[in-house]
Amino acid sequence: MFDSPSPLRPVGVTSAATPSETGDPRTVIGVADFDWKVAFIYDENGQKRTIILAIVGGEYYVAPDSDAWSKRLKPAADWLKNNVKQRIATRQAEVEGMAVVPNQDSVNVVG
């Protein structure tokens, strides 16, 4: 009796339609500064913990497994560390080179 479908009894749970989260391909829709902090704390039970905080837009975020995650961190291999440092330095030099704006024109365009 209860197993037969009936137009009077809804089947399943329905939810309101949500707007689509799609957009133009290869489009950046936001950029935010992001900062990491390491905090050494005593938790609500008095246990010492090391947590990793992410700070975005003035808001602080921490993963529920931050303590376990921080314990799994290990030093990067020298080749990786050196390569990343080199790329950061190269990128910084490129950015600084683009930021140079002359104070005067090199050619007199007025006459």
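Mean projection of the alpha-carbon convex hull of region 34-93 over all orientations, in nm²? All intermediate terms of the calculation are to be shown ahead of the outcome.
Details: hull surface 22.9 nm².
Averaged projected area of region 34-93's Cα convex hull equals 5.7 nm².
Which aspartates and glutamates have a Cα lying under 19 Å from the Cα of Lys74, excluding residues fewer than 8 positions away in the same chain?
Excluding near neighbours in sequence, the set is Asp65.
We did not get these values from a lab; they are worked out from the coordinates using the rules stated. If you're wondering where the values come from, they're calculated on a predicted model, not measured in any experiment.
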